[in-house]
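Note sheet for the following structure.
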Amino acid sequence: MRLFAAVVPPDGVLDELERAIAPYIGQVEGLRWPDRDTWHITLAFYGEVPEHVLPGLQVRLARAVHRYDALDLAFTGFGAFSSARRARVFWAGLSGDPMGRLADSVKAAGRRAGAAQTDEKRFHPHLTLARAKAETDLRPLVEALAEFSGSPWRAEGVQLVRSHPGPRVRYESLGEWALAPARRG
């Protein structure tokens with residue numbers, strides 16, 4: 001089964017993103033916009049994982065996630081991989097609490113459980129909004145949305161998600177673990 005660990009933002013902030021990008025959907029040739037119900041922030045991509053690894057992965061994810069405080073975040077700005085000029089991925093960026101240590105721990109939990117990771121790229125927190133098969137110049141789109149700043153929100157948990165590929169990709173949550181309540185003074 002194809003698995004990843006992710007943070008799923010609350011509906012209210014996803015509504016804001018959806019309103020911001022609505023005028024641009026269908027305006028860039030070759031850009032595919034996935035359904036909103038697939039929107040998430042990937043912390044770790046595990047790839048194909050044998051079913052017998054799942055129980056150990058869930059235990060290790062629970063341990064890893066519980067060591068971290070809830071995260072105060074906001075969507076700010078948009079960008080593209082590998083660059084706005086030669087893009088294949090259009091994304092919404094995040095500001096707020098750093099997520100890198102949490103992502104590293106979630107990746108390590110997968111390795112220790114026996115989930116072979118296929119993505120060892122440096123973590124860059126984002127939510128993918130669209131993809132292109134060929135490199136596409138998205139500078140006008142990124143510039144048009146440069147002033148976007150979403151409402152603050154709190155990420156309170158991490159989900160283990162199974163991806164069901166096909167003509168219409170579908171995601172299934174296999175578990176969710178709460179981050180510790182923020183301990184700020």
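The values are calculated or read from the model by the stated rules, or taken from the named source; none is laboratory data. What you see is a predicted model, and the numbers here were worked out from it, not measured in a lab. We place every Cβ from the backbone using ideal geometry, glycine too, and count neighbours over all the protein chains shown. Just the protein is used for accessible areas: all its heavy atoms, side chains included, with ligands, DNA and RNA removed. Shrake-Rupley method; radii C 1.70, N 1.55, O 1.52, S 1.80 Å.
To put it simply, the accessible area of segment 29-169 at a 1.4 Å probe is 50 percent carbon and sulfur.
For segment 140-185, GluC sites (Glu not before Pro) are listed when DSSP marks them as loop and at most 14 other Cβ atoms sit within 10 Å of their Cβ; the list is Glu147. Relative to the dominant Cα principal axis of the chain, helix 100-113 is inclined by about 50°. Measuring gaps between exposed loop sites in the chain (trypsin sites (Lys or Arg not before Pro); DSSP loop; at most 10 other Cβ atoms within 10 Å), the longest gap, sites not included, is 1-120.
If you look at the Cα atoms of segment 133-185, you get an Rg and a Dmax of 17.8, 48 Å.
Rounded to the nearest 10 degrees, the inclination of helix 54-66 to the longest alpha-carbon principal axis of the chain is 80 degrees. Along the axis of the charge dipole computed for the chain (Cβ charges of +1 for Lys and Arg, -1 for Asp and Glu, origin at the Cα centre), the listed residues Pro167, Phe45, Gly79 are led at the positive end by Phe45. Among the GluC sites (Glu not before Pro) within segment 14-67, those in coil by DSSP and having at most 10 neighbouring Cβ atoms inside 10 Å are Glu29.
Computed from Cα positions, the angle between helix 11-21 and the longest principal axis of the chain comes to roughly 30 degrees.
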